[in-house]
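Here's the structure, in structure tokens; my notes come after.
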Amino acid sequence: MIYREIIKKGSKFLKKNKIKNPYLDTELILSKVTKKKREEILLNVNNQLKNKDIKKFNKYLFRRYEKEPMAYILGYKHFWKSKFLTNKSVLIPRPDTELIVEETLNYLPMEKSKKILDVGTGSGCIIVSLLKERPKCSATAIDVSKNAINVAKTNAKLHQLENKINFINIDIDKYKSYNYDLIISNPPYINSIDLKRLDDDIKFHEPMLAISGGSDGFKVLKKVIIKSKKLLKINGKLILEVGHRQNKQCSKILYENGYYINKISKDFSGKDRCIVSTKLQ
Ligand SMILES: C[S@@+](CC[C@H](N)C(=O)[O-])C[C@H]1O[C@@H](n2cnc3c(N)ncnc32)[C@H](O)[C@@H]1O
């Protein structure tokens, strides 16, 4: 079968299960199977797909039909300026999370060697992106999921940062190392009602540990805020990603715990998404 027919058939199959970008996804799967760039595929639509590759293609296509996210099928996702390995143990890096990187860089002068902690590192996308931009800084990245820590370690290695980031498989509750200049966290923050409304791609495929913030969505967020008070230096910064309706409640928890709110920034769709705060005393 030639590429053109494969793309036509494949996208028709994905449409049956209401997959959002059936053509693009089919082309990307074909690109993975043939190890050719998507542009190359589109320029050679009359090429034949080998029989052994048809089998592989059908396997991946079926996974997409079942709503598995493309980042898991392809095994990677672009974030900030780099490519990150992704598998089912980690949340797929989101464009909205690039806001944390953008905001944090404002508090990390190029020449200073600040000590950073990333709580709930997942794929390691935030901390790896930050250290690539600020090579003088040093970092620790923790996650309660051992499998996530393994993915993050692999990503650090891919970006030659394995000696700059100390990865630890631990719950934030149990972590005891102090004097950080800056703590960043994109904790799980979806509440149990919103959880039920998520797209199947997320709900049935991404790790619950990375998404579910308990009944009110604040279970881990609160822990991070309270624990960071102990872990940060005075005047240290806590930079959090929050759900779009959590900004007010989260600011209240920060105030109650002695933080000053420096800034709340909006994501691409205009929703409050990132809170920068300072530990005052
Ligand atoms: C929303 S994901 C963020 C992943 C990554 N930082 C990103 O932005 O793409 C939250 C991460 O926090 C981790 N996590 C959940 N509860 C935790 C806890 N109590 N202590 C440490 N990490 C936790 C999860 O395993 C998951 O990897």
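Where a number appears in this text, it was derived from the coordinates with a stated rule and is not lab data. Please read these numbers as outputs of a predicted model, since none were measured by experiment. Cβ sites come from the backbone with ideal geometry, for glycine too, and all protein chains shown count toward neighbours.
Students often check this: by mean Cβ neighbours within 10 Å, which of 215-227, 41-53 ranks highest, and how do the rest follow? List each step's numbers first, then the result.
Numbers: 215-227: 19.0, 41-53: 13.2.
Going from most to least packed, we get 215-227, 41-53.
If you take every DSSP beta bridge fully contained in segment 77-279, what fraction is antiparallel? Give it as a percent rounded to 5. Provide the component values of the computation, followed by the final result.
Numbers: 15 of 35 bridges.
So the antiparallel bridges amount to about 45 percent of the total.
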Legend entry - Amide hydrogen neighbours beyond the local backbone of ILE183, cut-off 5 Å, H modeled: LEU117, LYS237, LEU238, ILE239
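Test of understanding: what is the full-extension gain from GLU66 to LYS263, defined as 0.36 nm times their sequence separation minus their Cα-Cα distance?
The span from GLU66 to LYS263 would gain 66.9 nm if fully extended.
Among 168-177, 69-78, 231-240, how do they line up from the highest to the lowest mean number of other beta-carbon atoms within 10 Å? Please report the intermediate quantities before stating the final value.
Details: 168-177: 13.9, 69-78: 18.2, 231-240: 19.8.
Ranking, from highest mean packing down: 231-240, 69-78, 168-177.
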Inset, instruction - May I ask you to evaluate 6.51 cos²θ - 1.76 cosθ + 1.60, the Karplus curve with θ = phi - 60°, for each residue of segment 221-226 and list the ³J(HN,Hα) values in order in whole Hz, giving x for glycine and proline? - result: 3, 4, 4, 5, 5, 5
Legend entry - Estimated FRET transfer efficiency (ASN106, ASN169; beta-carbon r; R0 22 Å; 0.05): 0.15
Inset, instruction - Calculate, in nm to one decimal, what LYS252 and ARG94 gain on full extension: separation in residues at 0.36 nm each, minus their alpha carbon distance. - result: 54.3 nm
Inset, instruction - Please go through segment 86-131 and write out the trypsin sites (Lys or Arg not before Pro) that DSSP classes as loop and that have at most 11 other C-beta atoms within 10 Å. - result: LYS112
Legend entry - Simple Cβ-charge dipole of the chain, Lys/Arg +1 and Asp/Glu -1, about Cα centre, in debye nearest 20: 600 debye
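By the gyration tensor of its Cα atoms, with a ≥ b ≥ c the square roots of the eigenvalues, what is the shape of segment 77-279: rounded for a/c under 1.5, prolate for a/b over b/c, or oblate?
Details: a/c = 1.41, a/b = 1.06, b/c = 1.34.
Judged from the Cα gyration tensor, segment 77-279 comes out rounded (a/c under 1.5).
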Inset, instruction - For segment 183-262 and segment 83-105, compute the distance between their C-alpha centroids and round to whole Å. - result: 15 Å
